[in-house]
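Report on the structure given below.
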Ligand SMILES: Cc1cc2nc3c(=O)[nH]c(=O)nc-3n(C[C@H](O)[C@H](O)[C@H](O)COP(=O)(O)OP(=O)(O)OC[C@H]3O[C@@H](n4cnc5c(N)ncnc54)[C@H](O)[C@@H]3O)c2cc1C
């Protein structure tokens, strides 16, 4: 097992925090389609937003397994949207700052994000392009010794409440594709940066998802993260971590839902016996249990390689693809086993059914994962 006594202690702390401070509020936050901004400083105070960043930046100096513990325990908070918002902050928008950022950028963006004093967002997707990242049209051109940015981003998690965004923009020509892309760190308060609208969604209700616009947004040269023209490759590295942590969180969510459904099947009676006593249902539960166990172990095996510094792109893509398929199966089967109650808004399974669907779309769709696997593992 990859987890040490330290990880176990961390798990206990997070589980208690989730049970005490998140779970009781989940229904209210889901209904409000928002959760208080104060959650970020609170989690920062507990050290949960910088688990694997070095202590010199305010982090806990942990390894990748600490991040997995957090993702797994957040799956118990009753709102996929809260877990996702936190994950964007700790595991998606900030890792590239740590890896590619200058010392000044780390002090200005990473340190306050770890403390929860600044909320981060990651802006890749646009109205006209999502899967095809190399085709982004948001453009940054050299202007007055810095850069002028124009364009828009869509479906951006934390976009409404963020203090800054890690933005993917085109600095080369459209024909240069992946080679003409650069990452920028842009403060929300910069003139011309606006939230066009907050979007309504099928699930993940407590997270905020925005359409953002950039109209003559002037940023200094120091806003460039990493190398000019290398943004696509920096981003591909980020996406591996995002897919892996998303997979770990999704398996954990499936496990939580499975446990709840198992309890339900043992208690709910029909035709004079618990519904788990019908062989057809028992077998469904066994299938889900098997799928979840295999998924979890596969994700752990890939995480072990990622933690060692390897770059297992095909395996990460396979993990995300398979976890997505299993998650959908778990959600559908668990809802069915709940009968009419499963269709009610008050049932946890109905929220999970909606929330869990995102894994097959966000951070690269199933089809994109298949294309990556075809190319990297099968040379197709
Ligand atoms: C709730 C939510 C939160 C999100 N948060 C963020 C965020 O914080 N930051 C961010 O940048 N983005 C975010 N996204 C965007 C998400 O990553 C994209 O929606 C996703 O990558 C797909 O892009 P798209 O929506 O443009 O779909 P498209 O690329 O238009 O795809 C449409 C369909 O075509 C298929 N398709 C595309 N290309 C191929 C191909 N080559 N072969 C076969 N099929 C193909 C796709 O698989 C899909 O089924 C979020 C999305 C959602 C729903």
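Coordinate-derived values only; no laboratory data. This structure is a prediction, so every number in the text was calculated from the model and none was measured. Counting neighbours? That spans all protein chains shown, and the Cβs are built from the backbone with ideal geometry, glycine included.
Observations
- Coordinate range along principal axes, alpha carbons of segment 85-186, Å, largest first: 40, 30, 21
- Along its first, second and third principal axes, ordered by size, segment 233-378 spans 59, 26, 24 Å in Cα coordinates.
- Taking the inverse of the mean reciprocal distance over all distinct Cα pairs, the Kirkwood hydrodynamic radius of segment 1-98 comes to 13.7 Å.
- Considering only the chain, percent of DSSP beta bridges that pair antiparallel, nearest 5: 85
- With contacts taken as Cα pairs under 8 Å and at least 6 residues apart, the chain reaches a relative contact order of 15 percent.
- Remark: the residue 294-residue 31 segment gains 91.3 nm on full extension, using 0.36 nm per residue and subtracting the alpha carbon distance.
- The residue 107 and residue 142 beta-carbon pair, evaluated with R₀ = 25 Å, returns a calculated FRET efficiency of approximately 0.45.
- Highest mobility in the GNM of the chain, judged by mean-square fluctuation with C-alpha springs under 10 Å and restricted to 179, 283, 205, is found for 283.
- Residue with peak Gaussian network fluctuation, the chain [Cα springs, cutoff 10 Å], from 49, 202, 122: 202
- Residues in segment 176-215 reached by a label modelled at residue 374 [backbone nitrogen below 14 Å; 7 Å Cα→Cβ]: none
- Annotation for residue 325 and residue 367: the two label points, set 7 Å from Cα along the Cα-Cβ direction, are 1.7 nm apart.
- Each residue, residue 287 and residue 267, gets one label point 7 Å from its Cα in the Cβ direction; the gap between the two is 2.6 nm.
- Against the chain, whose longest principal axis comes from its Cα atoms, helix 231-267 is set at around 20 degrees.
- Computed E for residue 38/residue 190 - FRET, C-beta separation, R0 22 angstrom, nearest 0.05: 0.35
- Chain lengthening between residue 174 and residue 227 when straightened (0.36 nm per residue, less Cα-Cα): 17.3 nm
- Nearest-ten-degree value, helix 313-337 long axis tilted from longest Cα axis of the chain: 40
- The angle separating the long axis of helix 64-74 from the principal Cα axis of greatest extent in the chain is about 60 degrees.
- Spacing of the two label points (7 Å from each Cα toward its C-beta) at residue 200 and residue 8, in nm: 4.8
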